[in-house]
Amino acid sequence: MTLHHHAFISYSHAADARLAPAFEDGLERIGKPLLRLRGLDVFRDGSDLSASPGLWSGIVAHLEAAEWLLFFASPQSAASPWCGEEVAWWLTNRSVDRLLIVLTAGEIVWDKQAGDFDWTHSTALPRCLAGRLTEEPLHVDLRWAADAESLTLDNTRFHEAVTSVAAPLRGMRRDELDNANVRQLRRNRLFVQSGVTAIAIAAVLAMWQAKVARDAEAVAVEQRQRAEVALAATQRELLHARSAELRALALRLDQLAAAARARPDGASDLAGIEIEQRGLAERLADITRQHQATLAAQIGFRGDLDFLMKREGVAGTVKLLGRSGWIDPATDLATARPEVIRRRYEFLLTPAELQAVLAVTGKRDADAQAAFAANPILERIRIKPADVAQLVPEVVEVWWKGVLSRHPEVGEAATPAAVHTALLSLAFNVGFGQRHWATLTPLIAGRRWTELADAIEALRMPAGFPALQRRRAEEAALIRAALPKPPG
């Protein structure tokens, strides 16, 4: 299928993740006939494909298919190498007369005497535009939009800005487009009021499909935006943000792969996408290893977090256990903070599922039961084991601190790392119930590691759960393998 776009939006996700999709929506809606999905076809990279240089060819394909380039000018987009590449490609391959500038932050200053931008004071443009324009370009100033509550066509100021850009895209004067939009709105109302039920249903379905598509893209945009905001000063927070960013990109690649599989001619595109997916999986695994090492160093854990990651998250469910709700891996929703749950699971759950989990967060007893009853979607949640396992390094900290608070001697340098692994695995799997730990406490206090291994293996797990008994044997085997072998 031949690509065609009326416009390609180049923008910074960090600066305009809210404005860009709203502006795209306005361009596609203004003057749109009732039974058409959109009035204009506008391409916007909603999931930051440019995070992987191997996807540049895909970006170029959409640039080649576009009639206009809309550059959302801001200091962030001016500094972005990917936005700069998109503008530079356009200047090389298309007419500068087909470049429209939307100012969203920073400054654009024209130097009449030099016949170029004043690059000392212009902070919102990439330097590749230097010397490329012969006269001062008109641009739409949307810097006010950052503080606007509503960015829809119902907002008169926003409507005017969208119309200013949509008019040249349609080859019309602004007043012509305004009049055409009014006439089209009247025709739409008359059509709806005519009572043609079958056509009205088709229109509703078309709009619903458009909303589903935009919602899916909006999820990817939100994920990317949250990942950028999450970049914090500490190395641990930085690694978490990079992991979130890669997960958002993985979601977009999954969507592209599904679309390619659905097309008869999609085999060649699918091969390239699968290469990108494998490379992304390797990058995500590397980030996970770095995250593990950083976390372990900060909490004083010298064991093997991979041991837990291979065994946790098998169910990937949300359950009501005892007095509160629990979500894999081993997270008590009654004591969890909503912002932590949102940060961990927003990349794994749909918006509806995440809202249901948050409805249970912080609640106990009757309140927790009532929240579960009011959100039946909780019982249907199934998260992929591999995805849940990725969260294990973030969740174990509270359990490891619980081990150290009960047995400070475990933190001594002489304690074998295998003891760290075994005790954290045990705590993470069965908690700190007195029934399980009573026989272990004197052995830990006495540093009697061989006897500790025997006692862990001897713990009796509930009948019907042989996997738990095997896990106790594996924990014991870790300790025995780390101890010096007796002579002879």
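Any read-out appearing in this document is the output of simple, stated calculations on the displayed coordinates, not a laboratory observation. Since the structure is predicted, the reported quantities are computational estimates derived from the model, not experimental observations. Virtual Cβ from ideal backbone geometry, glycine too; neighbours counted across all protein chains shown.
Looking at segment 398-468, the chymotrypsin sites (Phe, Trp or Tyr not before Pro) that sit in a DSSP loop and have at most 14 other Cβ atoms within 10 Å of their own Cβ are Phe432. Other residues whose C-beta falls under 12 angstrom from the C-beta of Ala418 contribute a net charge of -1, scoring Lys and Arg +1 and Asp and Glu -1. Set the Förster distance to 51 Å, then compute FRET efficiency between Arg214 and Gln113 from the Cβ-Cβ distance, nearest 0.05. For R0 = 51 Å, the calculated efficiency reads 0.65.
Between Ala386 and His121, residue separation times 0.36 nm minus the direct Cα-Cα distance comes to 90.4 nm.
Less than 5 angstrom separates the built amide H of Ser324 from those of Asp365, all sequence-distant by 5 or more or on a different chain.
Given their separation in residues at 0.36 nm each and the Cα-Cα distance between them, Arg174 and Ala366 gain 63.1 nm when the chain is fully extended.
In this label model, Asp286 and Ala417 are separated by 2.2 nm, measuring between points 7 Å along each Cα→Cβ vector. The GluC sites (Glu not before Pro) of segment 374-471 that DSSP puts in a loop, and whose beta carbon has at most 12 other beta carbons within 10 Å, are Glu412.
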